[in-house]
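Undergrad: Submitted below is the structure of interest, expressed as structure tokens.
Rule-based calculations on the coordinates, nothing more; no lab input. Bear in mind that the values here come from a model prediction, so they are computed numbers and not experimental data. Note that we place each Cβ from the backbone using ideal geometry, even for glycine, and neighbour counts take in every protein chain shown.
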Amino acid sequence: MRSERYIPYVLILPSVLFLLFLFAWPLVEALLLSVRGGDGRWTLEHFQRMASDLYFKDAVRYTVLLTVVMVPLQVVLALCMAMLLGGINRGRDLFLYVWTIPLGISDLAAGIAWLAIFTERGYLNSFLQAVGVIQEPRLWLSYETPAMLFLAVVAAEVWRATAIVFVILVAGLQLIPKEYGEAAEVFGATPWRRFWRVTLPLLMPSLQVALILRTILALEVFAVVVALGGRNLPVLAGEAYFWYNAYQSPGVAAAYSVLILGISVVATLVYLRLMRPKQEAAA
Amino acid sequence: MRKKWIGFSLVGGLLVALAAVVAQQPSVLFVSTQFTPIEEAQRMRQVILKDFSGRVEFIPEDNAPFTNRILSEARAGKVNVSLVGGLHGDFPPLISAGALEPVDDVMAQLKDRKFSPTFVNLGKMGTGNQYYIPWMQATYIMVANKQALQYLPAGANVNTLTYSQLREWGANLQKATGKRLLGFPAGPRGLMHRFTQGYLYPSYTKSAVSKFRSDEAHRMWSEFKALWQYVNPQSTTYDFMQEPLLAGEVWVAWDHIARLRDGLNQKPNDFVAFPAPIGPYGRGFMPVLAGLAIPKNAPNRAGAVALIEYLTRPEVQLTTLVENGFFPVIQTKLPDNLPQGTRMGADAIARQAQSNVALPSLLPVGLGAKGGEYNKVFQDTFARIILRGEDIRRVLDAEAANLRRVMNDTKAPCWSPDPASNGPCPVN
């Protein structure tokens, strides 16, 4: 049958069209927007205005800092959770579902939930007051306490987004044939050694996916930060939003999104290079 | 297989029938920058528009998407929106792009409405034609928790409060309670920049643009910085002051009346509403005017005209006040059975506008799409001087350059209370 040769192409066509229409096209438009002035000429004006803005340095610093703190924390945590899950027999599904609940919650909703915890009359202060640790409500989320604000965002993001890493790693762990572990055990490898020498190397592809995905998403962090800190903790995606919405300057907003795109691409390339599977290098 | 086809044809038939109904009664697509909070939009659809005879599709949008939508529909030559509602400052970009049609004929039909002449004049946008019909008005006032009143400085009255008395009041509150209980909406969606533009600057300099970096402005910022030590630092996360007021996080706050009304309505006995403070030049304040306009080539102009007629009726103007907190633009007596909170707001607004120290200033005029960048100058100045503690003189000089660029780009002449200018409003 000749027509069968085309079937795969026909089947992926909708998704290709979808991607072209909703990703590639806006991407090109955003790129053009960032390098074109109001009169249609090429210009770097938007990038200059972005770089000289009051919040630019802080936004870069906090975005990078958040990514560097959050992503390793989430990967380690998710790895522990995934390994623990592997050791559970009864009620495994229950744990799996409970741990993945945050996946189903929108990030703005998560931000507001954590705001209810950390705000002046929030649950945290009520709790601390009830157990007598503090007499008066403490302010956790003000511009006067940036470190605390940063920790609150990290806590909320770790709670919200560890689940996605966890799901990827659980799927990856299930793909590893049991025989390898059993063989290592026969040769007398301790559980710790088996984890380092067998599980972790075989989990590399999943870890790579999880790291790339989480890093890109961490660089785009927005709703949780805005809900908890407003403008007190500027991040790149938030600045893009403010330039588009509040200052009505799409050019500078596009410059910010191009910057986020650039950092994401670099981060992805670094991961791909650092975590290249060994066999491939040998072959 | 056959079942599926039956299903398809049923759905198709329904769609055709629905289309026929829709075609029979063309609806008015009404896009507005006002009533974007979901509760306000719901009250607009379910209560305010309830008695309108035609069908209305009311869509509130944020500022930037609103402007983009109207402009791109005009550019594409395929207009879907029949009526636009926005603040005075939302219209200039639409007018300069030729996206709006004058509504002089509609104005002529509404002769009996007794619109405030100032508002009718503003609706001409400095041209010979009427570009929008006044829709509703609001302003910004102060609200205080009654518990705070006992700490007012000696001899001070909330209705004639000065900025230095407000500072003393804040100091007294902190001394008595150990907490910083003044509050301002300096959050990401808060309207703090309107406070600096329309209240602080006019009160201290009788200007917002030309004296931006004057010595008077320098003094104003240093006094406001002294006041800020008594302001709850969570203010930089507050968008609407009604919530922190209700929660007791702040006791004295300034905000837009529509963003205070839940507090006043829910606990009218706990709060008092009063005018903004007075500075060396008087009481600077900013009336906010919203209007209704019709796009060029609107698909349902007749429907839009009927809807304008409906929304400016005295009874509908009052419903708009009770439901969504915007005040009538026509001369009408407020009934005695208004909710107590609304009445308190109305009294404060009247006292603010009618006193002999009143110094009204307009929302920015003629800045078009640069309105956001104009606000940014004031937001950044506030953030740098008050929150980051930078040197006042240096910040004012640096931000004056940004302000000058906005003025020169838009060539906007000065608006009240700045003295009239030939050419772009100068930043001296």
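Undergrad: I need A:112, A:212 ordered by Cβ neighbour count within 10 Å, fewest first.
TA: Listing A:112, A:212 from fewest to most nearby Cβ atoms yields A:112, A:212.
Undergrad: I need to check one value: relative contact order of chain A, counting alpha carbon pairs closer than 8 Å and at least 6 residues apart, in percent.
TA: 28
Undergrad: Output ³J(HN,Hα) for the stretch B:394-402: one whole-Hz value per residue in order, computed from phi by the Karplus curve 6.51 cos²θ - 1.76 cosθ + 1.60 with θ = phi - 60°, and x for Gly and Pro.
TA: Running phi through 6.51 cos²θ - 1.76 cosθ + 1.60 with θ = phi - 60° gives 5, 5, 4, 5, 5, 6, 4, 5, 5 Hz.
Undergrad: While we're looking at this one, here's another question. To the nearest µm²/s, what D does Stokes-Einstein give for the stretch B:121-173 at 25 °C and 0.890 mPa s, using the Kirkwood radius over alpha carbon pairs as Rh?
TA: Here the translational diffusion coefficient equals 171 µm²/s.
Undergrad: Based on alpha-carbon positions alone, could you give the equivalent ellipsoid semi-axes of the stretch B:256-302 from the gyration tensor, as √(5λ), descending, whole Å?
TA: Equivalent-ellipsoid dimensions as semi-axes: 36, 21, 5 Å.
Undergrad: Which residues' amide hydrogens lie under 5 Å from the amide hydrogen of residue B:250, considering only partners 5 or more residues apart or on another chain, with H built in the peptide plane?
TA: B:245
Undergrad: If I take the Cα coordinates of the stretch A:64-175 and project them onto the principal axes, what are the three extents in Å, biggest first?
TA: Result for the stretch A:64-175: principal-axis Cα extents of 51, 34, 24 Å.
Undergrad: Would you kindly calculate the mean projected area, averaged across all directions, of the convex hull enclosing the Cα atoms of the stretch B:293-428, in square nanometres?
TA: For the stretch B:293-428, averaging the hull's shadow over all directions gives 12.8 nm².
Undergrad: While we're here: So what are the radius of gyration and Dmax for the Cα set of chain B, in Å?
TA: Rg then Dmax for chain B, in Å: 23.3, 87.
Undergrad: Just want to confirm a number: the relative contact order over the stretch A:204-283, from Cα pairs under 8 angstrom separated by 6+ residues, in percent.
TA: Result for the stretch A:204-283 is 35 percent.
Undergrad: Let me have the 222 nm mean residue ellipticity of chain A computed from DSSP H runs of 4+ only, each contributing -39500 (n - 2.57), with the sum over all residues rounded to the nearest 500.
TA: Helix contribution divided over all residues of chain A: -23000 deg cm²/dmol.
Undergrad: Let me ask another. Could you check which residue among A:127, A:150, A:18 shows the biggest mean-square fluctuation in a GNM of chain A with a 10 Å Cα cutoff?
TA: Looking only at A:127, A:150, A:18, the largest GNM fluctuation is found for A:18.
Undergrad: Under a crude label model (7 Å from the Cα following the beta-carbon direction), how far is residue A:29 from residue B:401 in nanometres?
TA: 3.5
Undergrad: Further question: Below 8 Å between Cα atoms, with a sequence gap of 6+, how large is the relative contact order for the stretch A:142-276 in percent?
TA: That works out to 26 percent.
Undergrad: Hey, another quick one. Per residue of the stretch A:151-162, in order, report the coupling 6.51 cos²θ - 1.76 cosθ + 1.60 (Karplus, θ = phi - 60°) as ³J(HN,Hα) in whole Hz, putting x for Gly and Pro.
TA: Couplings: 4, 4, 5, 4, 4, 5, 5, 5, 5, 6, 10, 5 Hz.
Undergrad: Another one. I need the trypsin sites (Lys or Arg not before Pro) found in the stretch B:340-428, filtered to DSSP loop residues with at most 16 other beta carbons within 10 Å of theirs.
TA: Answer by residue number: B:388, B:411.
Undergrad: Sticking with this one: Treat every Asp and Glu Cβ in the stretch B:45-150 as -1 and every Lys and Arg Cβ as +1, leave all other atoms uncharged, and give the resulting dipole magnitude about the Cα centre to the nearest 20 debye.
TA: Its charge dipole is roughly 240 debye.
Undergrad: Additional query: Taking the Cα centre of the protein assembly as shown as origin, sum charge times position over the Cβ atoms of Lys and Arg (+1) and Asp and Glu (-1), and report the length of that vector in debye to the nearest 20.
TA: Roughly 720 debye for the protein assembly as shown.
Undergrad: Just the ratio, please: alpha-carbon radius of gyration of chain A over 2.2 N^0.38 Å, N its number of residues.
TA: Scaled against compact globular proteins, the figure is 1.23.
Undergrad: What ratio of Cα Rg to 2.2 N^0.38 Å holds for the stretch A:1-153?
TA: Working it through for the stretch A:1-153, the quotient is 1.63.
Undergrad: If the cut-off is 16 Å between C-alpha atoms, which lysines fall inside it for residue B:78, apart from same-chain ones fewer than 8 positions away?
TA: B:296
Undergrad: Lysines within cross-link reach of residue A:178: Cα-Cα under 28 Å, excluding same-chain residues under 8 positions apart?
TA: A:278
Undergrad: Based on the Cβ-Cβ distance of residue A:193 and residue A:52, what FRET efficiency does E = 1/(1 + (r/R0)^6) give at R0 = 45 Å, to the nearest 0.05?
TA: The pair residue A:193/residue A:52 has a calculated efficiency of 0.25.
Undergrad: Please give the calculated 222 nm ellipticity per residue for chain B, where each DSSP H segment of at least 4 residues contributes -39500 (n - 2.57) and the sum is spread over every residue; nearest 500 deg cm²/dmol?
TA: -12500 deg cm²/dmol
Undergrad: Where in the stretch A:27-100 are there trypsin sites (Lys or Arg not before Pro) that are in a DSSP coil and have at most 16 other Cβ atoms within 10 angstrom of their Cβ?
TA: Loop-located and lightly packed - A:41, A:90.
Undergrad: Can you give the charge dipole size of the stretch B:230-309 about its Cα centre, rounded to the nearest 20 debye, using +1 on the beta carbon of Lys and Arg and -1 on the beta carbon of Asp and Glu?
TA: Here the size comes out at about 380 debye.
Undergrad: Work the Kirkwood hydrodynamic radius out for the stretch B:43-151: mean of 1/r over every pair of different alpha-carbon atoms, inverted, in Å.
TA: For the stretch B:43-151, inverting the mean 1/r across all distinct Cα pairs yields 16.6 Å.
Undergrad: With only alpha-carbon pairs counted, each pair once and no self-pairs, how large is the Kirkwood hydrodynamic radius of the stretch A:154-239 in angstroms?
TA: After inverting the pairwise mean of 1/r, the radius is 15.2 Å.
Undergrad: Okay, next question. Explain nothing, just compute: Karplus ³J(HN,Hα) = 6.51 cos²θ - 1.76 cosθ + 1.60, θ = phi - 60°, for every residue of the stretch A:114-126 in order, whole Hz, x for Gly and Pro.
TA: Values, residue by residue: 6, 4, 4, 7, 8, 5, 3, 9, x, 5, 4, 5, 4 Hz.
Undergrad: How about the stretch B:55-85: which trypsin sites (Lys or Arg not before Pro) there are in a DSSP loop, with at most 12 other Cβ atoms within 10 Å of their Cβ?
TA: B:78
Undergrad: Can you tell me which aspartates and glutamates have their Cα less than 14 Å from the Cα of residue B:111? Leave out same-chain residues fewer than eight positions away.
TA: B:309
Undergrad: If you build the convex hull over the alpha carbons only and average its shadow over all orientations, what do you get for the stretch B:170-256? Give it in nm² to one decimal.
TA: 5.7
Undergrad: Name the residue from A:102, A:85, A:141 whose Cα lies farthest towards the positive end of the charge dipole of the stretch A:66-198, charges +1 on Cβ of Lys and Arg and -1 on Cβ of Asp and Glu.
TA: Highest projection toward the positive end goes to A:85.
Undergrad: Another one. What is the P(r) of the protein assembly as shown, as percent of Cα-Cα pairs per 20 Å bin from 0?
TA: Final binned percentages: 14, 43, 32, 10, 1.
Undergrad: Between their Cα atoms, which of B:211/B:376; B:50/B:124; B:206/B:370 are more than 19 Å away from each other?
TA: Exceeds cut-off: B:50/B:124; B:206/B:370.
Undergrad: Continuing with this model, one more query. As a footprinting exposure proxy, order B:349, B:308 by other Cβ within 10 Å, with the fewest listed first.
TA: Fewest to most other Cβ atoms nearby, the residues stand as B:349, B:308.
Undergrad: Now a separate question. Nearest 0.05, what FRET efficiency do residue B:350 and residue B:215 give at R0 = 41 Å with Cβ-Cβ as r?
TA: 0.75
Undergrad: Where does each of A:43, B:139, B:237 land when they are ranked from fewest to most other beta-carbon atoms within 10 angstrom?
TA: Placing the least packed residue first, the sequence is A:43, B:139, B:237.
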